[in-house]
1. Would you please name the residue that is farthest from ligand 1 (Cβ to nearest atom), looking only at residues in region 44-76 that are surrounded by fewer than 24 Cβ atoms within 10 Å (Cβ to Cβ) and at positive phi?
2. Looking only at region 86-101, count how many residues are more than 16 Å from ligand 1 (Cβ to nearest atom) and either within 18 Å of residue 242 (Cβ to Cβ) or surrounded by fewer than 17 Cβ atoms within 10 Å (Cβ to Cβ) (or both).
3. Within region 157-180, is there a residue that is touching a strand residue (DSSP E or B) at 6+ places or on another chain (Cβ under 8 Å), more than 21 Å from residue 88 (Cβ to Cβ) and loosely packed, with under 15 Cβ neighbours inside 10 Å?
4. What helices (runs of 4 or more DSSP H) completely inside region 194-274 contain at least 1 residues that are at positive phi and modelled with pLDDT of 90 or more?
5. Does at least one position in region 199-208 carry a residue that is without any contact (Cβ under 8 Å) to a residue 24 or more places away in the chain and touching a helix residue (DSSP H, G or I) at 6+ places or on another chain (Cβ under 8 Å)?
6. Report, by residue number, each residue of region 79-99 that is more than 16 Å from ligand 2 (Cβ to nearest atom) and touching a helix residue (DSSP H, G or I) at 6+ places or on another chain (Cβ under 8 Å).
Ligand SMILES: [Zn+2]
Ligand SMILES: [Zn+2]
């Protein structure tokens, strides 16, 4: 049963104020910031790694959520699914604070080292307020020179032996998702969403369904479709996307397959289907 909005709202406010991560399994937790999720991999008594860093100026909230779970023990590294402002925004502040390296896919390096800007957000893709605002979203490259390194090219992830990364380009050229085969958990970044990310209404009150990548910022729809098909073939048990509350189980798996099979009609804005 769908809970009513005021209940959801209260829960959202509570989590937002107290900045506490929610545990998915013993060694994976996520923390939902206003616009996007960050993920912590590692049990509280183990070494750990942070995936994504939300917006700029969120570092204090993120630190709080991490310290609630790990005390002052720093992560071994920060992994970015991609370099967009809502995923890499607090990377520099956090990496400086913890003195840890940041990793991205090599095809994303130029966008986080001040060399290349992303194309501007496209407000014409429709879907709601966030799309309309997206033209004003920052696209300037992050400056992580000196602290960022490319991920190994063999799909392995430093410090995470039982995880691998999967190349999921399309939303950005060097976009990756993280996957653990043993329990089929996928950390999808923006390769897939579990809320309609273009709408501010659904950002506040997410309806849980599987959607394509945030349209206003997706660069290459052909690759995005291939990436989504690749994800659907993995048949993940759990998806933690960059936007939306994590989803688990059969309904999600069914929706993911349906989206993969009908990607052009379901995910690509009408005037971009060429
Ligand atoms: Zn993105
Ligand atoms: Zn995003």
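1. The extreme case among them is 71.
2. Residues that pass the stated criteria total 4.
3. yes
4. Hits in region 194-274: none.
5. Among the residues of region 199-208, not one is without any contact (Cβ under 8 Å) to a residue 24 or more places away in the chain and touching a helix residue (DSSP H, G or I) at 6+ places or on another chain (Cβ under 8 Å), which makes the answer no.
6. 93, 94, 97, listed by residue number.
The values are calculated or read from the model by the stated rules, or taken from the named source; none is laboratory data. All values reported here derive from a predicted model rather than from experimental measurement. All Cβ positions, even for glycine, are placed from backbone atoms using ideal geometry, and neighbour counts span all protein chains on display.
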